[in-house]
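Worksheet: one structure, shown below.
The values are calculated or read from the model by the stated rules, or taken from the named source; none is laboratory data. Keep in mind that what you see is a predicted model, and the values were worked out from it rather than measured. Methodologically, a virtual Cβ is constructed for each residue, glycine included, from the backbone with ideal geometry; neighbour enumeration extends over all protein chains shown.
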Amino acid sequence: MLPVFTAAEMRALDARAIRDLGIPGPRLMESAGSGAAALIARWLAPIRGRSVVVVCGKGNNGGDGFVVARRLRAGGAAVRVFLVGRRAEVRGDAAAALRRWRGRVEEVHGEAELSALARALDRADVVVDALLGTGLTGAARGAVAAAIEAMNKVGPAGRSRAPVIALDLPSGLGSDQGALLGPTIQATRTATFSGLKRSLVLHPAAAKAGAVEIVDIGVPAAETTRGITTWRLEASDVRPRFPPREPAAHKGRFGHLLVVAGSLGKTGAAVLAGRAALRSGVGLCTIAAPASQQPIVAAQAPEYMTEALPETAGRSLALGAKERVLELARRVDTVALGPGLSLDPETQELARALILEIERPLVADADALSALAGHLDLLRRAAGPRALTPHPGEMARMLAIGIEAVQADRLEVTRTFSREHGVALALKGAGTVIGGPDGRVAVNPTGNPGLAKGGSGDVLTGIVGALLARGLDPVAALEAGCYLHGLAGDLAAGERGEIAMIAGDLIETLPAALLALARGS
């Protein structure tokens with residue numbers, strides 16, 4: 001996993017590097033700028049002869065920019081440096097980096113200078129954004145905001161479509177949240193220092209960064225990761241959770257999943273969950289559905305088993321089904337509860353009873369999560385481990401807050417809920433956030449907007465249920481399940497496009513996703 005920093009954590013890391021490791025601040029800046037320049041030269045090879053405009057601020061991000069300018073000029077690029085502010089206002093390590101530049105610096109602090117910057121940007125092959133770093137807390141204003149707008153006019157969405165390379169963060173982004181604060185650079189690529197920042201993994205801010213690569217600034221990995229509680233998943237974290245099968249393996253080795261799901265008009269949700277579980281490697285899968293709906297579920301696929309349960313007048317599961325479900329649960333390894341279950345009050349009461357009483361690991365989604373609204377105390381009293389997979393609306397209902405409040409702080413909402421209620425939780429969405437009772441959270445990098453279709457969540461429930469049935473702990477099952485689900489979505493989008501893909505396509509691309517993981521591709 002890759003560490004994800006807050007601005008405060010980055011300041012603390014820099015302070016420890018200087019105080020405890022004896023790495024002077026100027027050397028850290030030199031390493032950052034030199035590493036970024038090497039990336040830029042590789043990304044845009046050949047760099048020799050290229051026209052590069054470096055737009056610097058007065059702080060340390062500007063200092064990084066001065067180092068980049070010096071290194072790119074040494075590599076043969078034609079470099080112009082603009083400073084938004086006055087040279088005399090540059091202090092500390094940035095001032096030392098400015099002195100080492102030993103070239104012309106064009107100050108920008110009025111309309112005439114902004115016009116000169118705009119003309120230079122129009123002629124540039126490459127733009128380097130070194131205006132603002134991790135310390136921004138409010139919207140960019142004045143000449144800085146104007147410089148951002150000028151760069152965006154020629155950047156990837158602008159007139160010349162010149163690549164814009166951001167140093168550490170696209171200027172205008174805050175470090176710690178996914179919300180946009182004001183005018184923000186739309187970068188083609190971002191060279192970030194030491195590790196990812198929260199705004200580089202949280203949307204909509206993350207979309208401003210383009211492709212992100214981490215620059216090693218010489219701080220040992222053990223020091224970089226010390227005390228970090230937020231991470232980004234990598235394929236290497238997930239791959240060991242899908243080991244190759246031994247020649248003598250049999251179906252009993254890979255778990256039995258019970259899916260309790262479906263109601264009148266919503267049998268598709270149960271089918272999607274069951275088929276996804278089987279594609280994800282579970283040995284056996286049984287779908288328990290209302291008696292009148294069981295034949296419909298059974299007719300959709302021959303590979304899973306089905307069970308007919310007592311139903312309400314509305315043809316959803318009745319409270320009278322509880323004892324039969326508990327009996328079935330004792331015979332399996334894991335239970336998945338919720339897809340297409342319905343909001344019938346009696347069915348909701350059943351869902352709460354099952355969440356409380358089932359002793360096996362259980363993944364709850366969809367209507368089972370709605371049943372928890374106002375009853376979150378059940379989670380601490382549950383008889384077995386619990387994994388929850390809410391989308392932002394379901395999370396908002398459980399917490400009795402607005403969706404905006406959930407989305408405004410996805411990392412901390414997930415962290416707090418998981419810790420307080422002793423569960424594993426995946427808050428779905430762009431950059432799904434996975435948390436556990438220990439307070440650590442991980443952000444999933446796979447997936448795309450094509451997943452915003454009915455049934456996608458049911459597929460995830462089946463995948464996670466399969467992984468739980470195979471013996472993974474709830475947090476590991478959510479991490480691996482979300483990564484695989486998103487990867488299958490990315491492959492489906494590549495084949496069918498984000499607009500046309502549907503939930504069933506995810507199930508069909510799960511084999512290719514699993515093969516890609518196994519091959520490391």
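Structural remarks
- Here Arg397 does not qualify as among the charged types (D, E, K, R) and either part of a loop (DSSP other than H, G, I, E, B) or surrounded by 24 or more Cβ atoms within 10 Å (Cβ to Cβ) (or both).
- Condition broken by Ala476, with the remaining ones in (1) touching a strand residue (DSSP E or B) at 6+ places or on another chain (Cβ under 9 Å); (2) of a type outside the set (D, E, K, R); (3) buried (at least 24 other Cβ atoms within 10 Å of the Cβ) satisfied: (3)
- Residues that are surrounded by fewer than 23 Cβ atoms within 10 Å (Cβ to Cβ) and either of a type in the set (Val, Ile, Thr) or over 30 Å from Leu2 (Cα atoms) (or both) within segment 255-286 comprise His256, Leu264, Gly265, Lys266, Gly268, Leu278, Gly283, Leu284, Thr286, listed in sequence order.
- Taking segment 406-423 as the range and being in a helix (DSSP H, G or I) and within 18 Å of the chain's Cα centre (by Cα) as the test, the residues that pass are Val406, Gln407, Ala408, Arg410, Leu411, Glu412, Val413, Thr414, Arg415, Thr416, Phe417, Ser418.
- Qualifying residue in segment 38-52 (condition: closer than 26 Å to Arg104 by Cβ, in contact with a Ser or Thr (Cβ under 9 Å, 6 or more places away or on another chain), modelled with pLDDT of 95 or more and not acidic (Asp, Glu)): no
- Those strands (runs of 3 or more DSSP E) lying entirely in segment 92-181 with at least 2 residues within 29 Å of the chain's Cα centre (by Cα): 126-130, 164-167
- Taking segment 187-274 as the region of interest, the strands (runs of 3 or more DSSP E) fully inside it that hold 2 or more residues being in contact with a Ser or Thr (Cβ under 7 Å, 6 or more places away or on another chain) are 211-215, 256-260.
- Among the residues of segment 294-317, those identified as in a loop (DSSP other than H, G, I, E, B), of a type outside the set (A, V, I, L, M) and either without any contact (Cβ under 8 Å) to a residue 12 or more places away in the chain or within 18 Å of Asp344 (Cβ to Cβ) (or both) are Pro302, Pro310, Thr312, Gly314, Arg315, Ser316.
- Boolean, Arg71 is part of a helix (DSSP H, G or I), surrounded by fewer than 16 Cβ atoms within 10 Å (Cβ to Cβ) and free of Cβ contacts under 8 Å to residues at least 40 places away in the same chain: no
- Per-region count, segment 322-340, residues of a type in the set (A, V, I, L, M) and more than 20 Å from Asp458 (Cβ to Cβ): 1
- Where helices (runs of 4 or more DSSP H) sit wholly within segment 424-520, those with at least 3 residues that are within 15 Å of Ala235 (Cα to Cα) and under 19 Å from the mean Cα position of the chain (by Cα) occupy 474-496.
- Residue within segment 359-381 that is among the β-branched types (Val, Ile, Thr), modelled with pLDDT of 95 or more, in contact with a Leu (Cβ under 7 Å, 6 or more places away or on another chain) and in a loop (DSSP other than H, G, I, E, B) present: no
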